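Only one structure is covered here, and it is reproduced in the block below.
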Amino acid sequence: MASVRRSARSTGIVVGLTIAVLVAAGGLLTVSHSRSATEQQRFVVSNYETMALMRDALIVLQDAEVGQRAYLLTGDAANLGPYERARPRMDTALRQIEASVAGDGDALRQITEFKTAANEKLDELNSGIVAYQLYGREATLPPGSGRATTDHIRQIAESFVEGQRLQLSRRLGMLRSEQDQADLAGLLVLGGAFACLLAGMYIIVRGGERLEEAQRLLSARSRLLQAALETLRDPIFVLDAQGTVVAWNEAFVRLSGWDRSREPVIGRAELLSSRLPAMQTLLAPLRLDARIDDQTLTARASHDGRDYEVSRGEMADGGAVVRCVDVTDKLRDEAALHQGQKMEAVGQLTGGMAHDFNNILQIVQTNLDLIKPDMSTNVAALARLQSASAAADRGARLTQQLLAFSRRQPLAPRPTAVGRLVTDLSVLLRHALGERITLDVAVAPGSWNATIDPGQLENALLNLAINARDAMPDGGTVRVEVSNATLDRRYASLHQDVTPGSYVLVDVADTGTGMPAEVVARAFDPFFTTKQEGKGTGLGLSMVYGFVRQSNGHIRIDTAIGQGTSVKLYLPRTLDPVVEAPSESTDAAGGNARVLVVEDNKDVRLAVVDMLSGWGYRVVSVETPDAASEVLEQDPAFDLLFTDVVMPGTMSVIELAALARRLNPAIAVLLTSGYARDLIPKQDGTEYPMIAKPYRGEELAAKVRTALAAREREQPKSLPASAPPAAAGPAPAAQRSDRPRRVLLVEDEVVLRMSTADMLERLDCLVTGVGSGEEAMDLLAKGGAFDLLLTDLGLPGISGEDLAREARQRFPGMPVIIASGYGAVSPEANGVRFIGKPYSSIDLQQALDHIDHLSPSA
């Protein structure tokens, strides 16, 4: 009975829907007919109005002509009324016509032609009136002279009206055709609806019982699916009260390995058996074969190298919803975050430790430098001093390595014999690899030189050697090979970071386990490592990659599972000769300048005082900036203030330097610190040079000379009356051949200005830094003599490009280098060079070499 009622209800619904479709179809037909009639009426009215407006326009022209001729015959100005009203009426009529035919290109063209002819006619009438007023009736055109224009206008109007009539006929035909099509469609819709009604009645009657059963099963399954498939991203399934899996998603099928073609139905027993090992491992903590007190049970399990968070949620009817969430990536990200936080904390701690450690190294290095002159005749003692000095240098490099991950260190590139460097490093590499690893070093005859930082290359090779050692726990061979290589345009097209050209190839290969493709893809990512926890930071290869890329080189990994890995470093070739490091000497510095030394560490202070005094400087030393301020207030006549950055007391070093400059504008300031540059306080005013701890004697001597020379340039002494004043701008190349290059550096970012000045000083330049283009022009206008202008493009006030243009106008012989993060903003003019940010010492050296090639030789 219930089935009959449902069948009757379904039949009623179908009949009702069919009637609704019929009514809707009739309504649509009625609306369609109504719209067609309305559209037809609108088109008819529009066409008739357009033709009427065109006739009105002709009448207006005729009235204007009649009024003009009446005026010419009678001379009565009152007859000009129709003529004077003709132009506004004509414009109004033409605008209305244009609006009504806006979508018709041919009609618009005819209207435009009509407007042109009408305006010509009105101008012709106006010319007659003007001629009459100026010269009398004899000067006017003879009767019938404007008839050709009038006939032309009438032809255009008749053509336009005829076109509107044809268009009206076409539109009426189209509307009738559309109406016929709509009627036919309506009949088809009604016929289809009636056919659907008959088919629906038949299907409902024949399938009533089957439909009732299917609806019951579908309703039960839908309730289960609604509870189980709320989320489809993770593997999830539903067990009913009997322990049978009644709902699931595809992720569960993939994870469990369930073959539904062989086992259409599985239950709790199969899930916990060895037939489905993944489910057996993951579901064991959930105790599916026992009831639990809590509504939800969550546990952590692992399978096939992946970590999962499995949860069991009890259902009201005795079943359970089980979800398996893959948390491997989440745990890895959390571990990486923890590692990053740890490294950040280590970096902050290392900043403080580096200060004290560098002070200790500074004392050792300074005293070693002071002892060397006394041991000049004792060869054995000098060898021991050299060994101790090398150990101090190694300690300084260790401090830099501890800070490397938290700051970008400027490179000190120079032409380097890579083959000789690798050969000299082989002893250290053998010690790093251990006895179970065989080291094979091969340097090709005639290997080229490269412009690189040799210390950073040594660090890179050590990192690669250690990685190779860790890949061969049972021993093996590491081969370091140096050869020449040329990368062509085809290779460069496949690697966007490669510039075609000649390179020195350093290949570090091992016979280890090799790396899979997914590891190679992430090998250069910071903090990525395949070593066990605590065995590596994941920074080694990323540091090597950064060094090679900063050196304008290229790095590539070739590997095969079970055969080993080869890391290839392509370093740009240089044609410049390798310059040997000058022999150490303690007589490099000298002078009688007064120096105020501020250092809180007693041992460092005494060592520095001894060193400066030994060079002939007159030295006064104090412990704190507060004490130094008292000395300066009593006697400010010092040539140099040499002070540590991190000091005790109420006054900061930057405030002390400002006070010294205020009391004695001619005083030079030199800072020293064992901290990373990013940790040194920043100031908005004048730039101060800095020397990093620990430093050698010759390094301090060079910095002192540079600081004093820079202050002498900023405070030029009065010239003798007989000497001609020096011209501002560049000095001739012949005058620069035996002295450092004088560079005017313009950069508004203080920290970048300081680091760029350091790089230029390492390139044997004397640098004067300012923060704006206005300051640079003032310095040039006051007589400052410079060999080169290096300016940022985006400066406050005058831009770097405008500064370069003005400087070149005043001093045509002074070359200019413009630094920009957007590349060259305009074609390079003669004497102007663009370099892109960020730039390295190599980029600066190449720009300076380019300027030297362009400058006339001495």
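The values are calculated or read from the model by the stated rules, or taken from the named source; none is laboratory data. All values reported here derive from a predicted model rather than from experimental measurement. Here Cβ is always computed from backbone atoms with ideal geometry, including for glycine, and neighbour counts include all displayed protein chains. Remember, those area values only see protein heavy atoms, side chains included, never the ligands or the DNA or RNA. Shrake-Rupley method; radii C 1.70, N 1.55, O 1.52, S 1.80 Å.
Quick one: count up the residues across the stretch 628-652 that are within 22 Å of residue 692 (Cβ to Cβ) and touching a Leu at 6+ places or on another chain (Cβ under 7 Å).
Final tally of qualifying residues: 6.
Check whether at least one residue in the stretch 539-547 is modelled with pLDDT of 85 or more and farther than 18 Å from residue 442 by Cα, and report yes or no.
no
Within the stretch 759-779, how many residues turn out to be in a helix (DSSP H, G or I), open to solvent by 10 Å² or more (accessible area, probe 1.4 Å) and within 26 Å of residue 691 (Cα to Cα)?
5
In the list 432, 412, 460, which residue meets the criterion of being under 27 Å from residue 691 (Cα atoms) and at pLDDT below 85?
412
List every residue pair whose Cβ atoms lie under 9 Å apart, where the two residues are 6 or more positions apart in sequence or sit on different chains, the first residue falls within the stretch 108-120 and is closer than 15 Å to residue 159 by Cα, and the second residue, located anywhere, is acidic (Asp, Glu).
108/98; 111/98; 112/98; 115/91; 115/98
Could you tell me which of the residues 756, 791 is surrounded by 18 or more Cβ atoms within 10 Å (Cβ to Cβ), of a type outside the set (Asp, Glu) and at pLDDT below 85?
The conditions single out 756.
Got a sec? Which of 354, 345, 336 is among the aliphatic types (A, V, I, L, M), at pLDDT below 60, more than 30 Å from residue 295 (Cβ to Cβ) and buried (at least 19 other Cβ atoms within 10 Å of the Cβ)?
Result of the check over 354, 345, 336: 354.
Within the stretch 305-313, does at least one residue satisfy the condition of being open to solvent by 80 Å² or more (accessible area, probe 1.4 Å) and either charged (D, E, K, R) or at pLDDT 85 or above (or both)?
no
Could you look through the stretch 279-304, keep only residues that are of a type in the set (D, E, K, R) and not in a strand (DSSP E or B), and pick out the one that is least open to solvent (accessible area, probe 1.4 Å)?
294
Hey, among the residues in the stretch 481-522 that are in contact with a Leu (Cβ under 9 Å, 6 or more places away or on another chain) and among the polar types (S, T, N, Q), which one's farthest from residue 418 (Cα to Cα)?
499
Is at least one residue of the stretch 442-450 in a helix (DSSP H, G or I), surrounded by 14 or more Cβ atoms within 10 Å (Cβ to Cβ) and at pLDDT 90 or above?
No, every residue in the stretch 442-450 fails to be in a helix (DSSP H, G or I), surrounded by 14 or more Cβ atoms within 10 Å (Cβ to Cβ) and at pLDDT 90 or above.
Take the residues in the stretch 71-119 that are touching a Leu at 6+ places or on another chain (Cβ under 9 Å) and not in a helix (DSSP H, G or I); name whichever of them is surrounded by the fewest Cβ atoms within 10 Å (Cβ to Cβ).
Ranking the candidates gives 102 first.
Testing residue 3 on (1) modelled with pLDDT under 70; (2) within 30 Å of residue 212 (Cα to Cα); (3) surrounded by 16 or more Cβ atoms within 10 Å (Cβ to Cβ), one condition comes back false. Which one is that?
Of (1) modelled with pLDDT under 70; (2) within 30 Å of residue 212 (Cα to Cα); (3) surrounded by 16 or more Cβ atoms within 10 Å (Cβ to Cβ), only one is false for residue 3: (3).
With respect to the numbered conditions (1) aliphatic (A, V, I, L, M); (2) at pLDDT 90 or above; (3) within 21 Å of residue 542 (Cα to Cα); (4) part of a helix (DSSP H, G or I), which one is the sole condition not fulfilled by residue 480?
Among (1) aliphatic (A, V, I, L, M); (2) at pLDDT 90 or above; (3) within 21 Å of residue 542 (Cα to Cα); (4) part of a helix (DSSP H, G or I), the lone unmet condition for residue 480 is (4).
From the list 530, 513, pick out the single residue that is modelled with pLDDT of 80 or more, open to solvent by 60 Å² or more (accessible area, probe 1.4 Å) and within 14 Å of residue 565 (Cβ to Cβ).
513
Out of (1) at pLDDT 85 or above; (2) part of a loop (DSSP other than H, G, I, E, B), the odd one out for residue 583 is which?
Condition (1) is where residue 583 drops out.
Going by the structure shown, is residue 782 open to solvent by 30 Å² or more (accessible area, probe 1.4 Å), closer than 23 Å to residue 710 by Cβ and at pLDDT below 85?
Yes, satisfied.
Considering the stretch 46-68 alone, what residues qualify as being buried (at least 16 other Cβ atoms within 10 Å of the Cβ) and in contact (Cβ under 8 Å) with a residue 60 or more places away in the chain?
47, 50, 51, 54, 57, 58, 61, 64, 65, 68
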